[in-house]
Number of protein chains: 2
Amino acid sequence: MPKPDVDPTVTLDLSVDRSSPVPLYFQLSQQLEAAIEHGALTPGSLLGNEIELAGRLGLSRPTVRQAIQSLVDKGLLVRRRGVGTQVVHSQVKRPLELSSLYDDLEAAGQRPATKVLVNTVVPAGAEIAAALSVPEGSEVHHVERLRLTHGEPMACLCNYLPLGLLDLDTGHLESTGLYRLMRGAGITLHSARQAIGARAATAAEAERLGEETGAPLLTMARTTYDDTGRAVEYGTHTYRPARYSFEFQLLVRS
Amino acid sequence: MPKPDVDPTVTLDLSVDRSSPVPLYFQLSQQLEAAIEHGALTPGSLLGNEIELAGRLGLSRPTVRQAIQSLVDKGLLVRRRGVGTQVVHSQVKRPLELSSLYDDLEAAGQRPATKVLVNTVVPAGAEIAAALSVPEGSEVHHVERLRLTHGEPMACLCNYLPLGLLDLDTGHLESTGLYRLMRGAGITLHSARQAIGARAATAAEAERLGEETGAPLLTMARTTYDDTGRAVEYGTHTYRPARYSFEFQLLVRS
DNA sequence: TAGTGGTCTAGACCACCCT
DNA sequence: GGGTGGTCTAGACCACTAG
């Protein structure tokens, strides 16, 4: 026996549709990812070599490489020169992404609700002006929301946005998240700078969140940028730590 | 005038060394990144098209694309079909990476110090056994360290590691970080799962960190995996929120 | 030594964006 | 319509790993 293990991809009936507008490399990476997801490709198994896989699918090697590389970038596969490409053992579940609290909660089946406390326009103070790169004193949107799950307060979300990007309808704000509103308005989110910390609740914060004054709160301050580099949102959020924590997976930069 | 702006890369004297073992695409991406870093390529400026750049450098287009793509992945460039490749306006400084607290502090010039409180071997409890994927009750390393900056406590780091991976010398632990020790032992870190939260300090924690009982603490629990999928470390850390917060930049998954 | 991934080339056609 | 990036091909040589 020259090989103790058989290439597990041969039993997978991978195939690509050349008439589809979906890129070939993407079709392949999706099929491989699905196979890993539902266990057809088990952790640790060695994929067959790229050349042979390319030949079997009628693709060129660079195309197959592009498909595999995208899964390596997601942390699902590991390449070893001289060895081969292997399915990673550990479960990679949630890579850290720029998602909204609302979407996270909804995806977790938590049925989030939002109560808009403030929705107005104010002159930007120094901190806000600096974060949004607007002149100090110029007008910006100010939105303050209470996020609830199961009818109980979970977080208080205080946000500032430049004027003119978005029309901030209170009804919309109560039925969805801010990021979804921005994406719907044609804003392409690009990056965000975040700081996560903790501190004691003030009396006003405790009142709003149903905690005691001085109770520990989890805090997050964030500035979000679109793909032109404009700051499109600055927010300071406070979370009840018994009801919320930040959970995510990191990949090592190679 | 057909073009209001001139391709800013022409004045950059980009060049590649074909005798170098460094990949050509990497040489190019480094030069472009350096040019962005020190302002030779200003935010918003449009790079010349890939074909022309390839011709000028004597490279093929895929090689140039690979260089550019790596900077797009880092968030430094944005590509627009039909338009061109642009330098992002906002400053991308610290992408979130799996770095050690020790290295972070050292890079920030904080001169970190470590005091090893516990360095022993214990049977794994249920939580630790689950995190490290070892049988409950099997022996694991247990290390507890106090991290100080400027002579003041900043965090308490409680870690568990499987036996046999590393020799945990107290002297080494006090002079560097755990991740650097692991990398030095030939372990290839691959990913980590983290949860960041907050809670009130217990009396013992308050004593160690120089806080009051019930004071807010920032907490982090993390399991780190190597590239074979083995869990190589599980840790629960507590931070003094006045002295530490998690700061990082996120890129939107495309 | 044989096999793997890592890199590179010189073309090609298409989809999209702006004018 | 002209220019851009997005995708794809069919080869090639090299570096590293294992047996």
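A short reminder: the numbers here are calculations on the coordinates, not readings from a lab. The shown structure was predicted, so the numbers you read here are calculated from the model rather than taken from an experiment. Virtual Cβ from ideal backbone geometry, glycine too; neighbours counted across all protein chains shown.
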Using the 7 Å Cα-to-Cβ label point, sort the distances from A:Ser15 to its equivalents in the other copies shortest first and give them in nm to one decimal.
5.4
Extension gain B:Ser60-B:Val118, at 0.36 nm per residue separation less the Cα-Cα distance, in nm?
15.2 nm
Counting alpha carbon pairs within less than 8 Å and at least 6 residues apart, what relative contact order, in whole percent, applies to segment A:1-146?
16
Just name one of B:Tyr244, B:Ile68, B:Ala201: the one whose Cα is farthest towards the positive end of the charge dipole of the protein assembly as shown (beta-carbon charges, Lys/Arg +1, Asp/Glu -1).
B:Ile68
Tell me which residues come under 5 Å, amide H to amide H, from B:His89 once H is placed; ignore anything under 5 positions away on its chain.
A:Gly229, B:Gly44
In nm, one decimal, shortest first: how far is the label point of B:Gln69 (7 Å from Cα along Cα to beta carbon) from the matching points in the other copies?
0.3
Under 10 Å, Cα contacts only: if you run a Gaussian network model on chain B, which one of B:Leu217, B:Leu209, B:Leu32 comes out with the highest mean-square fluctuation?
B:Leu32
By its C-alpha gyration tensor, with a ≥ b ≥ c as the square roots of the eigenvalues, how is segment A:167-254 shaped: rounded for a/c under 1.5, else prolate for a/b larger than b/c, else oblate?
oblate
Helix A:61-73: inclination vs chain A longest Cα principal axis, degrees, rounded to 10, gives 40
Within 10 Å of each Cβ in A:209-218, how many Cβ atoms from other chains are there, averaged over the peptide?
3
Over chain A, the sum of -39500 (n - 2.57) across DSSP H runs of at least four, divided by residue number and rounded to 500 deg cm²/dmol, gives at 222 nm -7500 deg cm²/dmol
Please label the shape of segment A:150-197 as rounded, prolate or oblate, based on the square roots a ≥ b ≥ c of the eigenvalues of the alpha-carbon gyration tensor (a/c under 1.5 means rounded; beyond that, a/b larger than b/c means prolate, else oblate).
oblate
Shortest-first distances to equivalent copies, position B:Val122, nm, label 7 Å out along Cβ
4.6
Using a/c under 1.5 as the rounded threshold, could you call segment A:77-162 rounded, prolate or oblate? The axes a ≥ b ≥ c are square roots of the C-alpha gyration tensor eigenvalues, and prolate needs a/b larger than b/c, oblate otherwise.
oblate
Between A:Leu41 and residues 5 or more places away or on another chain, the pairs with built amide H atoms under 5 Å apart involve A:Ile36
Using the crude model of +1 on Lys and Arg Cβ and -1 on Asp and Glu Cβ, and no other charge, please compute the dipole size for the protein assembly as shown relative to its Cα centre, in debye to 20.
1000
Which one, A:Tyr234, A:Leu32, A:Leu46, projects farthest toward the positive side of the charge dipole computed for chain A from Cβ point charges (K/R +1, D/E -1)?
A:Leu46
Whole-Hz ³J(HN,Hα) from phi, Karplus 6.51 cos²θ - 1.76 cosθ + 1.60, for segment B:41-58, glycine and proline x:
9, 7, x, x, 6, 9, 5, x, 5, 5, 5, 5, 4, 4, x, 5, 8, x
Label-to-label distance, nm, for residues given as B:Asp103 and B:His172 (7 Å Cα→Cβ offset)
1.6
At 10 °C in a medium of viscosity 1.306 mPa s, segment A:1-155 has a Stokes-Einstein diffusion coefficient, with Rh taken as the Kirkwood radius over alpha carbon pairs, in µm² per second, of 80
So, relative contact order of segment B:1-66 in percent, Cα under 8 Å, 6 or more apart, is 35
